[in-house]
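A quick write-up on the structure given underneath.
All of the numbers you see were taken from the coordinates with simple rules; none came from a lab. Remember, predicted model here, so these are calculated numbers, not experimental data. When we count neighbours, we look across all protein chains shown, and the Cβ atoms used for this are built from the backbone with ideal geometry, even at glycine.
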Amino acid sequence: MIAALHEDQLVRVERGVEYGHVRTPGYLRGRHGRILEVVGGFPDPNVLARGGLGLPYRMLYRVAFCARDVWPEYAGSAADEIVADLYEHHLQAREDNDG
Amino acid sequence: MADHPDTHHHDHASPAEHGAPDAEIALMETALRELLIEKGIFSATDLQRAIETMEARGPTRGAEIVARAWIDPPFRDALFHHANSAVAQFGVNMGLAELVALENTADCHNLVVCTLCSCYPRALLGIPPSWYKTRAYRARAVREPRAVLAEFGFVLSADMRIRVHDSTADLRFIVVPQRPAGTEGWSEQQLTRLVTRDSLIGVATALDPAEVA
């Protein structure tokens, strides 16, 4: 499987993702993050949940988000991060670097 | 949800956590289990053994793995790069999940949560503590991790960064705490006693050597 996104790439999480057994948490939808690691291809959880084989496999990434970007009222350090494991079909590449 | 979340001073507990067990789900489990046994897919004894195996697993192997990583640089490298095969040396089979070891350093602390359900490296650490599955922990670990740590008695210094890992998909995480100062010359076995379950999740550091001496 070929990864469409690469390490350090800036991405946006799709706002409206599919219904069903979706592993992209609501609090990250629409948020901007950075690819920390390309993990590999995994069965699509939403297809597995309906009894399928999980095809097509989905590329999985570890994506880092600045905690202050996710929670405007965040009280911790500006360097604090949340890292989530997200599938490629819920991510969009961002061309810009300015958020 | 046997544990009352208030034991860890977590507020905002959902009423769902205090309610009766979900009777419908319990009934479905009974029906499915009886059917599988009746059709000979597995026996009641097989099931009993599987439950015993699962319940016998505890955080001990996690502690042994961390102690090994502290004293054995090639193992440490393997753990951070190919955790599944590194832990296989300890007889741990991660199955389809991919284990990731997270290194606590002098300037970055790691914390693990599963906001969507209660994903946990069970093959390695056994059954998760009940607070790990509460809505309070799951919601607050990503939103105010420093406040959550403080409730566990662990105040993270303001100049340290925290990284919260939300186990949303096929990865499972284990935190490798920092080796405490003053443990030079300790044996692997002695070091194992410093590594608690909570330190492997990231809500605590490894124990102070004075506590186990």
What is the sum of charges around B:Leu27, taking Lys and Arg as +1, Asp and Glu as -1, for the other residues whose C-beta is under 15 Å from the C-beta of B:Leu27? -3
Cysteines (scope chain B) whose Cβ has no counterpart Cys Cβ under 4.7 Å: B:Cys108, B:Cys117
Evaluate Rg over Rh across region B:128-213, taking Cα atoms for both radii and Kirkwood's formula for Rh. 0.99
To two decimal places, what compactness ratio does the protein assembly as shown give when its Cα radius of gyration is scaled by 2.2 N^0.38 Å? 1.05
Counting sequence-distant residues (5 or more places) and residues on other chains, those with an amide H built under 5 Å from that of B:Val100 are B:Arg172, B:Phe173, B:Ile174
When the Debye formula is applied to the Cα atoms of region A:10-93, each taken as the same point scatterer, what base-10 log of I(q)/I(0) results at q = 0.15, 0.16 Å⁻¹? -0.55, -0.62
When Cβ neighbours within 10 Å are restricted to other protein chains, what is their mean count per residue of peptide B:137-143? 3
So, over other residues within a Cβ distance under 14 Å of B:Ala169, counting Lys, Arg +1 and Asp, Glu -1, the net charge is -3
Rank B:Ala83, B:Leu124, B:Ala139 by how far each Cα sits towards the positive end of the charge dipole of chain B (+1 on Lys, Arg Cβ; -1 on Asp, Glu Cβ) and give me just the farthest. B:Ala83
Cα-based Kirkwood hydrodynamic radius, region B:57-211, one decimal, Å: 15.7 Å
Once you put a point 7 Å from the Cα of B:Asn93 and another 7 Å from the Cα of B:Ala44, both along the Cβ direction, what distance in nm separates them? 2.7 nm
With +1 assigned to the C-beta of every Lys and Arg and -1 to the C-beta of every Asp and Glu, and no other charges, what is the dipole magnitude of region A:43-97 about the Cα centre in debye, to the nearest 20? 280 debye
Could you tell me which of A:Leu53, A:Gly41, A:Tyr87 has its Cα farthest along the dipole of the protein assembly as shown towards the positive end, charges placed at Cβ (Lys, Arg +1; Asp, Glu -1), taken about the Cα centre? A:Leu53
Just add up the charged neighbours of B:Arg68: K/R +1, D/E -1, any other residue whose Cβ is under 11 Å from the Cβ of B:Arg68. -1
Net charge dipole size for region B:57-211 [Lys, Arg +1 and Asp, Glu -1 on Cβ; Debye, nearest 20]: 600 debye
